[in-house]
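Engineer: Next up is a structure, given as structure tokens.
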Amino acid sequence: MTIKSAAKTYKLSRKTNIAKQKPLKPCLKMTGKMYFCLLFFQLLNLSTLVFQFHLLYLLFAIFVLTLQLIVHVKIARKSSHTARYSQLLESYTLPKVLPSWLVLLLAISGSVGIAIAGQELGLLLSMIHLLCFAYSLKMFEIPSRKDLYQLVVLGIFVAVSSLIFVQSIYFSLAVIVLVLGNFMILLNLFAPTMALSAQTKLLAKLSVYSIPFAIILFIGFPKLSPFWQVPSVKSAKVGLSDSVKIGDIAKLALSNELAFRVSFQNKAPAHAQLYWRAMVLDDFDGTTWRQGKLSSMPSHLQVTAQDSVSNSLNNLNNPNNLNFTAAESRKRPAMVELRGSAVDYQIITEPSFQSWLFALDFANSDQGDVGQRNDFSLFYRGIVNQTLSYQVTSYPEAVLSAELTDDVRASSLALTSANNPKLLVKGQQLRRLYRDDKQLINHVLADFNQNDYFYTLQPPTLTANSLDQFYFDTRAGFCEHYASSFTYLMRAAGIPARMVVGYLGGEFNPKGNYLSVYQRNAHAWSEVWLPNKGWQRIDPTAAVDLERVESGFSSNLMQQQADLSSDFFSAQALKSMWWYRQLSMQIDAIDYQWTRWVIGYNAQQQSRVMADFLASLTQAKNLFYLLSTILSLTLLLFFLKRVKASVKTNDKIKDIYLKTLALMAQHKLIKARSMTAKQFAELVTTTRPELAENFTIISACFEQLAYQHFDDELENSVLNGDCKKAIALKQKLQAAQKLAQGKQIKMLQRSYRQLRWTLWLIKLGIKSK
């Protein structure tokens, strides 16, 4: 029989046997322990995104996890307690929870539902829901090892996706630990016999190896802007609003959420100078202050020189996605005189899902994604949906708009007399009494200071937000009460005025040398325009509660804030303890440095770093240091590789010999423990001469390795006699061994393949023994 005909006969008989048998579906066997781990980690992975999920998907995910858990518990209850415990350790075939047609129907209907909800969710959240939906459904379809692998990888993607929304260092560390836990499941899958300590050690080793590559990619890999905006719903907006009613900021002052953090390049200004401008509200309908049309559009800013300081700010254009009308898009000249020294600082703002930014007056930023409106407030060209870092230079002594245009003057004097007629009359009376604007302003401030006006977070309720009722009757309010009534009085007296909202002060953290500004620091003040002096900041709050401006919340206001806070457990006594404050500042400082150097490392900073790096390479000294470092690392890695290779060569020879023994055992050629390698080779040569050629080569190499230690001892004994020839001989032997090692391994691998091929042909009957 020829080899060709024998192969055809074998194939025909194999097809016949397969045809008689029913096709078997691949079934994955898994221990109960592994099954519980999958359910537990699916719960943890999905919990990282729980605040981003739609209610319907959240209910579906809970249903899937509960159903899977119930099915497994039922399997465990079929046996006794002892058997149930052993079930967690023994492998068994996974049960079919839902039929395939139902899983397919759920997949189609769920995808359609996510597509329909995409308008509300937005692109990013739709993709997140689709990913998590596939992750939940995959639990019902795990027929093979590759499906289990896909399930675990999906879980890793879900966990990492949560970093899009929360990027604090502590949450990031928790996600990293969770990802490592998912990798432990994969190690358990592919190396079930490996000890837990060995798995942990291997995972830690691989993680350490990945750190240098991660750092290089983080610093040098191009940072591309995402093609999504998150979220798209208006309800996500937090913090200040572009419309303020009486009492709005008092409610915001109850929040302890972080608004932004500031790091000054030099010494920080005094607390009374920390007025963080956000928006100018110059449109008042009698009850609500809004951002007017003239202040909603950036303009061309012309800056004149004084005291040898000159700067030109040009072409700060409106972002396309703000959708202003043609009437609003007219550019208005605004004159700014820079005086005094500049203050440089970096701001890291939290996501507000708004477009405005925060800065001290007069602010300027060179970043391309930061613009400036003609009311001197900064804005972001987009939506601040992630932590944002930007550099600002401010000139606190600058003169803003020494000359006022007619349309700005008109908008700053506009009044609605129907809601507050008494204040209107009061302003007109003051104008007749005081022809000088400064004297009139001082009179109103003195009136606030000397009469029974109170600064409180619990002001009496006003009828239709009436400023008349506050000014003449209740006389108790928060910053927006005083700023609103003061601005209205100024307009009634013929002085251009507008209300500004933002934040006042902040809390200094000496552990990190930065300032934290919280939502409770929200504040409102007024700006009045005076001839040749431009816009001047006037804060009526200082006339009522000077401590609020000079140092922050007074003890009375802090107590009110604690009493009115919506927190279930405020822990006010704990927060007042020294050790708690120190610990909180240290934790916050660590998070700030993470946010500043990692989260705040944007595309512009990356470009600056790479440009500085390339510029430094032009210097011969730095280039020499770089090349020396690269050469040293290369030599070190080459040396370590050679050392490892010399150690691994012996291991490879042993591995090939052990694999050969296992292969021979499958064909009933078993080596007895009492046999030496040479004796077993003689036995194979005698009983199976067709295998002798390849097996003898493998056995001889292993035998040479086995007696290598004896040769070393013999040489050492000669060396103890101080024989120079023995030293030279040993060096020559070592050099010859290194040259022969590579060829020896290749020869062994070739012999093993030929031996395996010969045994396979014999098994098929193609080759005779």
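The values are calculated or read from the model by the stated rules, or taken from the named source; none is laboratory data. Nothing here was measured: the structure is a model prediction, and the numbers come from that model. Positions of Cβ are backbone-derived with ideal geometry, glycine not excepted, and every protein chain shown enters the neighbour counts. Ligands, DNA and RNA are stripped out before the accessible areas are found, and what is left, the full protein with its side chains, is counted by its heavy atoms. Shrake-Rupley method; radii C 1.70, N 1.55, O 1.52, S 1.80 Å.
Engineer: Which count do you get for residues in segment 41-94 that are open to solvent by 40 Å² or more (accessible area, probe 1.4 Å), of a type in the set (Val, Ile, Thr) and either closer than 26 Å to VAL175 by Cα or modelled with pLDDT of 90 or more (or both)?
Structural biologist: Residues that pass the stated criteria total 3.
Engineer: Another question, if that's okay. Specify the residue that is surrounded by the fewest Cβ atoms within 10 Å (Cβ to Cβ); the eligible residues are those in segment 356-385 that are within 27 Å of the chain's Cα centre (by Cα) and under 18 Å from ASP282 (Cβ atoms).
Structural biologist: Here is the first cut: in segment 356-385, the residues within 27 Å of the chain's Cα centre (by Cα) are 356-359, 365-371, 378-385.
With the extra rule that they be under 18 Å from ASP282 (Cβ atoms), the set shrinks to 356, 378-379.
On the way: TRP356: 21, LEU378: 24, PHE379: 24.
Looking at the filtered set, the residue picked out is TRP356.
Engineer: Which numbered condition in (1) at pLDDT 90 or above; (2) polar (S, T, N, Q); (3) open to solvent by 20 Å² or more (accessible area, probe 1.4 Å) is the only one that GLN346 fails?
Structural biologist: GLN346 satisfies every listed condition except (3).
Engineer: Sort through ARG548, ARG520 and tell me the only one that's at pLDDT 85 or above and among the basic types (Lys, Arg).
Structural biologist: Details: ARG548 fails: at pLDDT 85 or above.
So the residue among ARG548, ARG520 that is at pLDDT 85 or above and among the basic types (Lys, Arg) is ARG520.
Engineer: Under 9 Å between Cβ atoms, which residue pairs at least 6 apart in sequence (or on different chains) link something in segment 183-212 that is on the phi > 0 side of the Ramachandran plot with a partner that is aliphatic (A, V, I, L, M)?
Structural biologist: The qualifying pairs do not exist here.
Engineer: Taking the residues in segment 448-505 that are in a helix (DSSP H, G or I) and charged (D, E, K, R) as candidates, determine which candidate is nearest to VAL408 (Cα to Cα).
Structural biologist: To start, the set of residues in segment 448-505 that are in a helix (DSSP H, G or I) comprises 448-450, 463-465, 467-474, 479-492.
From the residues that got through so far, the ones that are charged (D, E, K, R) too are 468, 473, 480, 491.
Details: ASP468: 26, ASP473: 33, GLU480: 22, ARG491: 13 Å.
Within segment 448-505, the match that is nearest to VAL408 (Cα to Cα) is ARG491.
Engineer: Let me confirm something: among ILE108, ILE114, which residue is part of a helix (DSSP H, G or I) and surrounded by fewer than 16 Cβ atoms within 10 Å (Cβ to Cβ)?
Structural biologist: Numbers: ILE114 fails: surrounded by fewer than 16 Cβ atoms within 10 Å (Cβ to Cβ).
Going through ILE108, ILE114 in turn, just one is part of a helix (DSSP H, G or I) and surrounded by fewer than 16 Cβ atoms within 10 Å (Cβ to Cβ): ILE108.
Engineer: Just a yes or no: is a residue in segment 201-208 β-branched (Val, Ile, Thr) and part of a helix (DSSP H, G or I)? Full working, then the answer.
Structural biologist: The first filter runs over segment 201-208 and keeps only residues β-branched (Val, Ile, Thr), leaving 208.
Next, from what is left, pick out any that are part of a helix (DSSP H, G or I): 208.
Yes, segment 201-208 has at least one match.
Engineer: Taking only segment 125-146 into account, find how many residues are modelled with pLDDT under 85 and in a helix (DSSP H, G or I).
Structural biologist: From segment 125-146, those modelled with pLDDT under 85 are 141-146; that's our starting set.
Among the residues that remain, those that are also in a helix (DSSP H, G or I) are: 145-146.
The number of residues fulfilling the criteria is 2.
Here's the yes/no breakdown for (1) farther than 20 Å from ASN694 by Cβ; (2) of a type in the set (Asp, Glu); (3) at pLDDT 75 or above:
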{"residue": "GLN619", "(1), (2), (3)": "yes, no, no"}
{"residue": "ASN622", "(1), (2), (3)": "yes, no, no"}
{"residue": "TYR625", "(1), (2), (3)": "yes, no, yes"}
{"residue": "LYS644", "(1), (2), (3)": "yes, no, no"}
{"residue": "ASP655", "(1), (2), (3)": "no, yes, yes"}
{"residue": "LEU661", "(1), (2), (3)": "no, no, yes"}
{"residue": "ALA665", "(1), (2), (3)": "no, no, yes"}
{"residue": "THR676", "(1), (2), (3)": "no, no, yes"}
{"residue": "GLN679", "(1), (2), (3)": "no, no, yes"}
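Engineer: Is one or more of the residues making up segment 154-168 in a helix (DSSP H, G or I), over 14 Å from LEU44 (Cα atoms) and open to solvent by less than 40 Å² (accessible area, probe 1.4 Å)?
Structural biologist: no
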